[in-house]
Amino acid sequence: MCPVARRLAAVDEANLVLDHAGQVNVFLVAGLMMPGGFVGSDGSPDLKALRTCLRERIKTLPQLRKIPLPTGRRHRWVEAQPDLDYHIRLVSAVDGLTGLERTCGELMNVPMGLERPLWEILVVPGAAAGALGIVLRIHHAVADGMAAAAIVQQLFDPAGALSATSYVPLVRSTAKFASRDVRRVLGRLRYGLRRISMTVSGREVGPTVLLGALSPHRGVEFLDVDLAVLESHVRPLGATVNDGLLAAVSAGYRAVLSAAGERIPARLPVSVPVALQRRGTAGNQVGVMLVRLPLGEIDPDVRARVIAGQTREEKALAREQGTLEFMRGPVGARMMDRIGRRQHLVAGFVTNVPGQTDIFRLAGAPVVAIWPVAVLAANVRLGVAAVSYVGRLRCGIHFDAGNVPGRIFAAAMGDELARLAT
């Protein structure tokens, strides 16, 4: 192995800090592959053909050929050739899509050893009739959602571009006015101090089943909805697809709180990532906005409008402010990790990554469906991740199965998505 003369970017080091027992900081994508290429007509995989195909592509992806080597209190990236017999492997067969969901839940509790490059592809027989399941895991120290999507784009067979809703880097004015710059800096400082104060002492969420120590039992539920129909419904409301997703998530939270016999608040705050302009070598370049989901008994369209009014303002503020202050380096991340175990500022996480308009193929096998699964961090017991893929918005609900009725959440969220996609 040959050391790379580069330390982990501070924000990537922060994501390494957040990976520990009970909190596996890994981004997961599950999918279904039909026969073709390395998948035989009977659904059986040819792992040798898959590894041979991906070996050349991995040579062009340095993110998949490095390990974090401890150097004092920090880490440096070190070149390491992946053992493809380990990184690309067959796992035990499952019983249909429910079995694939169960496997994903179990994997969200399985850490990645730092002695190998921080990724793996698992081929899962039995995930659907005549189809194979696939699970890709990438450590968050390597990539955030957008960076992971770019890696997938290069790892899979050449296809069309990312969807039209993909993140477009912010365009900043090149004009410079000293007084305006001073006001901007002071404004960002004030906003940053307010965010730090809210993170440390915010109490917007009362005692609830949604927050608390996490059990070792994780569950995952998959949902999907027609993307074009959803977008055509919410656009006239002044809302985006992401606003529609958040409206559906609101219904899920309301159902869970009702099932737990808890008082349903008028609004429930959740943390929502916001893509930032890509700069430098960091694999994580993401801000965050706080969205207070309306949980009252209101029409889904009204709910979407209310959320859209918030996100229009909060998204701009989040992009202006950049990475959450505590996540700009490992020291802040350690503080964040401790604070997070008792925080009552947010009740959940919701993330939506733009995806692919054309179907992916992996070593010739068509990937007909994908679902993302996001990390559960701190004391948050339920989170939702979504990605647009070949005309569908596909969602993964990740929850602490020992404390939260995830199926009730999924059923209510699915019903609300169906109403918004009509």
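The values are calculated or read from the model by the stated rules, or taken from the named source; none is laboratory data. What you see is a predicted model, and the numbers here were worked out from it, not measured in a lab. A quick note on method: Cβ atoms are made from the backbone with ideal geometry, for glycine too, and the neighbour counts reach across all protein chains shown.
Descriptive notes on the structure:
- Any hit, the stretch 69-92, residues being without any contact (Cβ under 8 Å) to a residue 60 or more places away in the chain, surrounded by fewer than 17 Cβ atoms within 10 Å (Cβ to Cβ), of a type in the set (G, A, S) and on the phi < 0 side of the Ramachandran plot: yes
- Subset tally (residues that are under 17 Å from L230 (Cβ atoms) and buried (at least 16 other Cβ atoms within 10 Å of the Cβ)) for the stretch 288-327: 8
- Verdict on A347 being at pLDDT 95 or above, outside the structural domain of A150 (by TED's automatic domain parsing) and in a loop (DSSP other than H, G, I, E, B): yes
- Filter result for I151 (buried (at least 18 other Cβ atoms within 10 Å of the Cβ), over 23 Å from P35 (Cα atoms), of a type outside the set (F, W, Y) and out of contact with any Pro (no Cβ under 8 Å at 6 or more places or on another chain)): yes
- So A127, is it modelled with pLDDT under 95 and under 16 Å from G31 (Cβ atoms): no
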